Amino acid sequence: MLTVGLTGGIGAGKSEVSRLFVSYGAVLVDADRIAREVVEPGTPGLAAVVEAFGQEVLTPQGALDRPKLGAVVFSDPERLATLNAIVHPLVGARSRELEAAAGPDDVVVHDVPLLTENGLAELYDVVVVVDASPETQLDRLVRLRGMSESDARARMAAQATREERRAVADLVIDNDGPLGELEPQVRKVWDELSRRAAAR
C-alpha cells in the first residue's frame, strides 16, 4: 500500500485531481467529507462544537450551520485552533479506519486540505500538491463559487502560503491553466504513484 497526502490551497482544484485519481483506481480518504460526518447531528463531535461555540452555530433543524461557524473561526486564529482541536482527532481516527480497510496493493489518497498547516506531511509516503497562483485561486472562488472577494481573501489568508505547500511536496501538479491541461499531468503523477506502490 502506498499512502498519498493530497493537498492544495482553496480554489487550486484539488477536488478535481482527487476525482481523477479515483477514476484511475485510487482509494480516496476525503478529510473534508469525514470532517462533515464527524459533526453530523447526534455525534459527539457536534456536541463538542456546540459546547465550544454555543447554540448559535446550529441551524433551526439542529445541524451545524457551516457558514455561520466559518464566519466565526476564519477571522479568529484562536477560535479556529479550538475548532481544529475538536475535529482533527476525530477525522484522523476515521481516516485510519478507512485506510486499514484498503488492499495491500492499493494507492490510498488522503485528500487533506490543511496538510501543510497541521504539519502532517510525514504521515504519508508521498505528498502531492495541487498548485495554482493566488490570482487564479481568487478568480475561481469569486467567479465559480460565488464568494465575495473579502471572504475569499480571508479563507486564503487562513491557509499556508503557496511556498509553504510547495516546500512539503514530493510531486506538484500545476493547475493554473484550463481544465484540459490538468488531466495529462494527473495521469503522469498517477503512473508515478502506481510505480512506487508496485515497488514496495
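The values are calculated or read from the model by the stated rules, or taken from the named source; none is laboratory data. Not measured: the values here are computed from a predicted model. Note that we place each Cβ from the backbone using ideal geometry, even for glycine, and neighbour counts take in every protein chain shown. Accessible surface areas use protein heavy atoms only, side chains included; no ligands, DNA or RNA. Shrake-Rupley method; radii C 1.70, N 1.55, O 1.52, S 1.80 Å.
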What pairs come out if I take residues in segment 16-44 that are touching a residue at least 12 places away in the same chain (Cβ under 8 Å) and of a type in the set (D, E, K, R) and pair them with residues that are open to solvent by 20 Å² or more (accessible area, probe 1.4 Å) and not in a helix (DSSP H, G or I) whose C-beta lies under 7 Å away, six or more apart or interchain? 32/113
Given the criteria of a type in the set (A, V, I, L, M, F, W, C), more than 23 Å from residue 166 (Cα to Cα) and in contact with a Gly (Cβ under 6 Å, 6 or more places away or on another chain), does residue 50 qualify? no
So, residue 89, is that one closer than 30 Å to residue 26 by Cβ and in contact (Cβ under 8 Å) with a residue 24 or more places away in the chain or not? no
Residue pairs, Cβ under 7 Å, 6 or more apart or interchain, first in segment 94-105 and under 10 Å from residue 2 (Cα atoms), second part of a helix (DSSP H, G or I). List them. 105/197
Is it true that some residue in segment 107-120 is under 22 Å from residue 2 (Cα atoms), aliphatic (A, V, I, L, M), in contact (Cβ under 8 Å) with a residue 40 or more places away in the chain and surrounded by fewer than 21 Cβ atoms within 10 Å (Cβ to Cβ)? yes
Can you spot a residue in segment 55-68 that is free of Cβ contacts under 8 Å to residues at least 40 places away in the same chain and small (Gly, Ala, Ser)? yes
Between 70, 92, 5, 13, which is over 30 Å from residue 177 (Cβ atoms) and either aromatic (Phe, Trp, Tyr) or within 16 Å of the chain's Cα centre (by Cα) (or both)? 92
Scanning segment 142-175 for residues that are within 25 Å of residue 25 (Cα to Cα) and among the charged types (D, E, K, R), which turns out surrounded by the most Cβ atoms within 10 Å (Cβ to Cβ)? 170
Looking at segment 150-187 only, could you name the residues that are more than 18 Å from the chain's Cα centre (by Cα), over 12 Å from residue 17 (Cβ atoms) and modelled with pLDDT of 95 or more? 184
Restricting the search to segment 91-102, which residues are out of contact with any strand residue (DSSP E or B) (no Cβ under 7 Å at 6 or more places or on another chain) and assigned to a helix (DSSP H, G or I)? 91, 92, 93, 94, 96, 97, 100
